[in-house]
Structure formats: structure tokens, C-alpha cells
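Novice: Can you keep this structure in mind? I'll have questions shortly.
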Amino acid sequence: MGLLDFTKTLCETKEIHTDRELRTRYYKTSYTKLKEQIEKFCDNNGLNIKNINDTHGEILIQTAKYHAIVSVIQVSPLETACDIKVQAYGVFGMHRPRKTIISLYEHLNKALKFKGVSLHP
């Protein structure tokens, strides 16, 4: 992490990412159970869920300081992928987008059976 990372207002996970903590996570669970855990995370942290789109598997979370789009994709009946994109408002992100992604992944790792990172590159 460099000095320029402090100013970034956008952070996104993907299958092959240079930062190992920002790679797609896979869980041994169904789409609905993963979605319920994301809703529980939002309730526990006082985050507002603006929209849940079950057709595309996307959840929009919005606060006064940032918004996040969580993509939940059921790869197989017992494997579900989770990708997150966080956009902070303002000139400097102050690592808020990255910290938000990591805290959501930590909650999911504790609540669900973690299968792996970047399993389908």
C-alpha cells in the first residue's frame, strides 16, 4: 500500500487482483444464506440497504460517506461467489473503501463456511 492508495475513492474486488485481500471469495452456501448474512452485517453496522436485485444478484448499500455494490453469484448448488465494489464520496478515500470490503469479508468468513479465494481464474 502506497501513499496514493490513501487518496483512492474506489475499491473493487475481482478474481485476479494484485492485492490478495481484494480477490473474489467463495463460500460453501446458497445464494439466499449469503444474502441473509450481508443483510445481517448491514443491520449490525447501521448500514442502509437501498436495493436488492435478485435477478442480477446485486445488493446496493448506501451511507452518507460511501455506497457499495455487493455481487452474489451462485456458481454451483454449494458454491457462491461474492464480489464487492465500494465508492467513497469526497476527495480522499482514506482507505475507507478497502476497510469496508475487508470488514464485510471478515463477517462472512465467520458466519459462513469459507471455501477459498480466487478459485476460478
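The values are calculated or read from the model by the stated rules, or taken from the named source; none is laboratory data. As the structure is a prediction and not an experimental result, all values here were calculated from the model. Note: ideal-geometry Cβ built from the backbone for every residue, glycine included; neighbour counts use all protein chains shown.
Novice: Inspect the stretch 94-107 for any residue being farther than 26 Å from Leu4 by Cα, surrounded by 12 or more Cβ atoms within 10 Å (Cβ to Cβ) and modelled with pLDDT of 95 or more and give the result as yes or no. Show your work before the answer.
Specialist: Of the stretch 94-107, the ones farther than 26 Å from Leu4 by Cα are 107.
Okay, now just the ones that are also surrounded by 12 or more Cβ atoms within 10 Å (Cβ to Cβ), so 107.
Next, from what is left, pick out any that are modelled with pLDDT of 95 or more: 107.
There is at least one residue in the stretch 94-107 that is farther than 26 Å from Leu4 by Cα, surrounded by 12 or more Cβ atoms within 10 Å (Cβ to Cβ) and modelled with pLDDT of 95 or more.
Novice: Conditions: (1) surrounded by 16 or more Cβ atoms within 10 Å (Cβ to Cβ); (2) out of contact with any Ser or Thr (no Cβ under 8 Å at 6 or more places or on another chain); (3) of a type outside the set (Asp, Glu); (4) at pLDDT 95 or above. Leu34 meets all but one. Number of the miss?
Specialist: Checking Leu34 against (1) surrounded by 16 or more Cβ atoms within 10 Å (Cβ to Cβ); (2) out of contact with any Ser or Thr (no Cβ under 8 Å at 6 or more places or on another chain); (3) of a type outside the set (Asp, Glu); (4) at pLDDT 95 or above, the one that fails is (2).
Novice: Does Val70 satisfy the criteria of being outside any loop (DSSP other than H, G, I, E, B), modelled with pLDDT of 95 or more and touching a Phe, Trp or Tyr at 6+ places or on another chain (Cβ under 8 Å)?
Specialist: Values: outside any loop (DSSP other than H, G, I, E, B): yes; modelled with pLDDT of 95 or more: yes; touching a Phe, Trp or Tyr at 6+ places or on another chain (Cβ under 8 Å): no.
No, not satisfied.
Novice: Show the residue pairs meeting these rules: Cβ distance below 6 Å; 6+ apart or different chains; first residue within the stretch 62-83 and surrounded by 20 or more Cβ atoms within 10 Å (Cβ to Cβ); second residue part of a strand (DSSP E or B) and not hydrophobic (A, V, I, L, M, F, W, C).
Specialist: The qualifying pairs are Thr80/Tyr27; Thr80/Gln74; Ala81/Tyr26; Cys82/Arg25; Asp83/Ser71.
Novice: How many residues are within 19 Å of Val117 (Cβ to Cβ) and in a loop (DSSP other than H, G, I, E, B) when one looks only at the stretch 15-43?
Specialist: 8
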